[in-house]
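Student: Here's a structure for you.
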Amino acid sequence: MLDINSSALIDLLRSELAAGNAQMLKHLDEVAEECENSGKSALEIIENFGLYTRSEVLAAVAENLGSYVWNPKAADLPREIVKTIDIDTARTYGVIPLQDDGESLHMAMRHPLDFQTVESLRFIIGRNILPVVCDPEQFASELDRYYPEKEDTVDDIVAELGVMEVEEEDVYDEDMANEMPIIKFVDVIIHQAIKDKASDIHFEPFEKNFRIRYRVDGALYEMPEPPRSLAIPVISRIKIISGLNISERRRPQDGRIQLKYNGRPVDLRVSCLPTSHGESVVLRVLDRSVVNLELDALGIGEDVLARLREMIHLPNGILLVTGPTGSGKTTTLYSALSEINKIEDKILTAEDPVEYDIEGLIQCPINDAVGMTFQKALRAFLRQDPDRILVGEIRDFETAQIAIEASLTGHFVFSTLHTNDAASTITRLMDMGVEPFLIASSLAGVLGQRLIRRVCPLCKTFYTPTDEDLDRLNLERAQVEGKQFCYGKGCDLCSNTGYKGRKALTELMVINDVLRDMIANSTPANILGAKAAEFGMRTLREDGLLAIFNGETTVDEVVRYT
């Protein structure tokens with residue numbers, strides 16, 4: 001799993017971390033023996049033994065080299081640096097150039113302790129090399145990202161499949177779904193989606209064509225179109241590997257695929273929906289390595305983040321995250337729970353479904369078919385002595401009532417709600433039948449959220465905003481004096497879309513005493529929102545304008561989502 005040279009690593013740890021500690025030296029001898037017997041890497045075994053954390057080991061290696069640990073998630077690499085070496089050199093030697101300080105070329109290395117490789121690179125490139133340490137799992141995915149290995153593409157497979165013809169009687173034929181070209185096609189589609197960091201894969205049969213689309217950074221992109229005759233065997237193949245009934249085509253079905261991509265586990269949630277031209281299938285890609293469950297990684301403004309952090313550490317109350325489907329509500333809540341996930345707190349979650357397994361959290365999947373509803377889960381939670389509770393979604397009066405009851409009896413409750421903005425959340429709860437005084441006494445805050453695409457850092461281009469841009473944003477020329485707007489021209493890194501990654505636009509309504517009184521008196525949402533703005537709440541549109549002024553996104557994105 002990990003590629004730091006095991007014997008060199010163990011020798012380094014003996015001298016750097018375990019010197020003078022007889023017990024630890026003995027453990028490292030056991031690690032060396034286990035390496036020889038099992039074929040596993042030293043770092044993997046050290047972690048399993050609980051001797052040192054991965055970050056401690058990587059830091060020790062970096063210190064020994066007089067170097068540092070590279071965090072790939074901090075920023076994308078400039079195209080000029082990536083072009084410093086060719087793909088063959090990068091993949092042969094397992095290196096990624098990071099920066100040129102004038103004296104040395106900094107190189108993240110798969111084997112940072114392999115000095116022979118360093119010498120070889122110094123000779124090939126004609127430059128002094130500074131080996132930089134990187135988490136081996138992250139290194140593998142970053143190497144594939146910047147120096148992708150030549151592999152079968154969707155176009156290649158579609159061209160191969162063009163010669164296959166499928167008769168209608170093959171509808172229930174498992175043999176056709178298990179033929180190698182179909183297996184290969186489905187595998188390439190899934191792997192390409194994971195590689196492109198797609199969140200969903202759509203298989204859509206129509207009368208005369210069969211469409212496949214990926215959703216990347218919230219937008220759908222169409223793949224090369226396979227022959228219409230392949231819709232049935234391809235969808236049958238997906239149903240087979242997800243454990244669904246291949247012959248049932250009249251009812252919706254849900255399944256799950258678990259696979260490994262580049263050594264890391266990836267979950268796929270499968271949904272089949274009968275349509276007039278066959279079954280439409282959507283695969284939700286749950287790749288834990290793509291989701292960074294840290295509050296700092298969400299792109300939330302520092303002032304909002306500081307207030308949010310204060311709120312999630314309160315002993316009791318309710319925090320609601322609101323927004324439409326796909327606006328990142330669940331990721332925000334997971335990130336908040338990860339931050340407060342301490343040994344002294346018991347955290348229970350009720351989710352539909354459980355998307356990511358987080359160490360230390362007790363996570364319960366909701367299953368309406370067997371009577372495991374949000375209400376039943378919440379009632380059971382209150383007998384489990386929790387400190388923090390997450391309810392995937394407040395859908396009805398009973399769930400809202402129990403959540404409020406939990407918050408009033410000394411628990412902090414996290415949940416989501418589908419509303420357009422923070423202030424209208426209050427109205428939504430009242431519409432469910434919750435008494436205004438109960439909302440006022442239990443609600444700590446509401447975070448309204450949208451996800452917008454970031455401009456690609458490699459092809460970002462600045463320009464002076466046009467009158468049309470200002471009209472769309474309801475701004476005067478004087479308000480943008482001296483400010484440059486930006487857009488992405490399109491490049492290889494962003495697949496010529498101009499966008500790479502996403503960030504959250506937020507509005508945080510912190511419920512203070514004045515707002516509590518207004519809520520208790522059933523004040524309309526627009527007046528509540530205006531009062532919250534007086535207390536410093538930045539609206540979604542204002543947060544979007546800030547993102548434009550900071551060169552993070554475009555006018556189109558902000559107008560589309562706010």
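The values are calculated or read from the model by the stated rules, or taken from the named source; none is laboratory data. Please read all numbers here as calculations on a predicted model, not as lab measurements. Every residue, glycine as well, gets a Cβ built from its backbone with ideal geometry; the counts of neighbours run over all protein chains shown. Protein only, heavy atoms only, side chains kept; ligands, DNA and RNA dropped before computing areas. Shrake-Rupley method; radii C 1.70, N 1.55, O 1.52, S 1.80 Å.
Student: Of the conditions (1) part of a helix (DSSP H, G or I); (2) within 24 Å of residue 335 (Cα to Cα); (3) among the basic types (Lys, Arg), residue 454 satisfies every one except a single condition; which number is it?
Tutor: (1)
Student: Out of all the residues in segment 500-517, which are open to solvent by 30 Å² or more (accessible area, probe 1.4 Å) and not β-branched (Val, Ile, Thr)?
Tutor: 500, 502, 512, 513, 516, 517, listed by residue number.
Student: Show the residue pairs meeting these rules: Cβ distance below 6 Å; 6+ apart or different chains; first residue within segment 480-501 and closer than 19 Å to residue 463 by Cα and in contact (Cβ under 8 Å) with a residue 40 or more places away in the chain; second residue small (Gly, Ala, Ser) and open to solvent by 30 Å² or more (accessible area, probe 1.4 Å).
Tutor: Taking only residues 6 or more apart or on different chains, not a single pair turns up.
Student: Are there any pairs with C-beta distances below 6 angstrom linking a residue in segment 340-361 that is over 19 Å from residue 413 (Cβ atoms) to a residue that is not in a strand (DSSP E or B), with the two at least 6 apart or on different chains, and if so which?
Tutor: From segment 340-361, the pairs are 356/288.
Student: Does residue 489 satisfy the criteria of being at pLDDT 90 or above, open to solvent by 80 Å² or more (accessible area, probe 1.4 Å) and not aromatic (Phe, Trp, Tyr)?
Tutor: yes
Student: From the list 246, 257, 240, which residue is modelled with pLDDT of 85 or more, in contact with a helix residue (DSSP H, G or I) (Cβ under 8 Å, 6 or more places away or on another chain), open to solvent by 30 Å² or more (accessible area, probe 1.4 Å) and not small (Gly, Ala, Ser)?
Tutor: Result: 240 is the single residue among 246, 257, 240 that is modelled with pLDDT of 85 or more, in contact with a helix residue (DSSP H, G or I) (Cβ under 8 Å, 6 or more places away or on another chain), open to solvent by 30 Å² or more (accessible area, probe 1.4 Å) and not small (Gly, Ala, Ser).
Student: When only residues in segment 85-132 that are modelled with pLDDT of 85 or more and among the basic types (Lys, Arg) count, which is nearest to residue 8 (Cα to Cα)?
Tutor: Checked segment 85-132; the qualifying residue nearest to residue 8 (Cα to Cα) is 110.
Student: Across segment 302-325, which residue is modelled with the lowest pLDDT among those that are surrounded by fewer than 19 Cβ atoms within 10 Å (Cβ to Cβ) and over 20 Å from residue 407 (Cα atoms)?
Tutor: Looking at the filtered set, the residue picked out is 325.
Student: Then there is this: Given the criteria within 22 Å of the chain's Cα centre (by Cα), closer than 28 Å to residue 498 by Cβ, surrounded by 18 or more Cβ atoms within 10 Å (Cβ to Cβ) and among the hydroxyl-bearing types (Ser, Thr, Tyr), does residue 214 qualify?
Tutor: When the stated conditions are applied, residue 214 passes them.
Student: Which condition number in (1) farther than 26 Å from residue 551 by Cβ; (2) open to solvent by 10 Å² or more (accessible area, probe 1.4 Å) is the one that residue 299 fails?
Tutor: (1)
Student: Here is a further query. Please verify whether segment 271-279 includes one or more residues that are of a type outside the set (Ser, Thr, Tyr), farther than 24 Å from residue 243 by Cβ and open to solvent by less than 20 Å² (accessible area, probe 1.4 Å).
Tutor: no
Student: Are there helices (runs of 4 or more DSSP H) fully within segment 26-132 with at least 1 residues that are in contact with a strand residue (DSSP E or B) (Cβ under 6 Å, 6 or more places away or on another chain)? List them.
Tutor: Once the helices (runs of 4 or more DSSP H) in segment 26-132 are filtered for at least 1 residues that are in contact with a strand residue (DSSP E or B) (Cβ under 6 Å, 6 or more places away or on another chain), what remains is 54-65, 79-82, 115-125.
Student: Is it true that residue 268 is touching a Ser or Thr at 6+ places or on another chain (Cβ under 7 Å), touching a residue at least 40 places away in the same chain (Cβ under 8 Å) and more than 30 Å from residue 434 (Cα to Cα)?
Tutor: In short, no.
Student: Can you tell me which of 552, 507, 542 is within 26 Å of residue 298 (Cα to Cα), acidic (Asp, Glu) and part of a helix (DSSP H, G or I)?
Tutor: Residue meeting the stated conditions: 542.
Student: Within segment 352-365, take every residue that is under 19 Å from residue 199 (Cα atoms) and in contact with a strand residue (DSSP E or B) (Cβ under 6 Å, 6 or more places away or on another chain) and give me the one that is least open to solvent (accessible area, probe 1.4 Å).
Tutor: Once the filter is applied, the top-ranked residue is 354.
Student: Of the residues that sit in segment 326-351 and are open to solvent by 50 Å² or more (accessible area, probe 1.4 Å) and not in a helix (DSSP H, G or I), which one is nearest to residue 446 (Cα to Cα)?
Tutor: Within segment 326-351, the match that is nearest to residue 446 (Cα to Cα) is 326.
Student: Something else about it: Hey, among the residues in segment 46-59 that are closer than 19 Å to residue 133 by Cα and crowded, with 18+ Cβ neighbours inside 10 Å, which one's modelled with the highest pLDDT?
Tutor: Out of the qualifying residues, it is 58.
Student: Next question, about the same structure. Considering each residue of segment 72-90, count those that are over 15 Å from residue 125 (Cβ atoms) and either touching a residue at least 24 places away in the same chain (Cβ under 8 Å) or crowded, with 18+ Cβ neighbours inside 10 Å (or both), and give that number.
Tutor: Here the count works out to 7.
Student: Considering only segment 189-210, state which residues are open to solvent by less than 20 Å² (accessible area, probe 1.4 Å) and part of a helix (DSSP H, G or I).
Tutor: Across segment 189-210, the qualifying residues are 189, 190, 193, 194.
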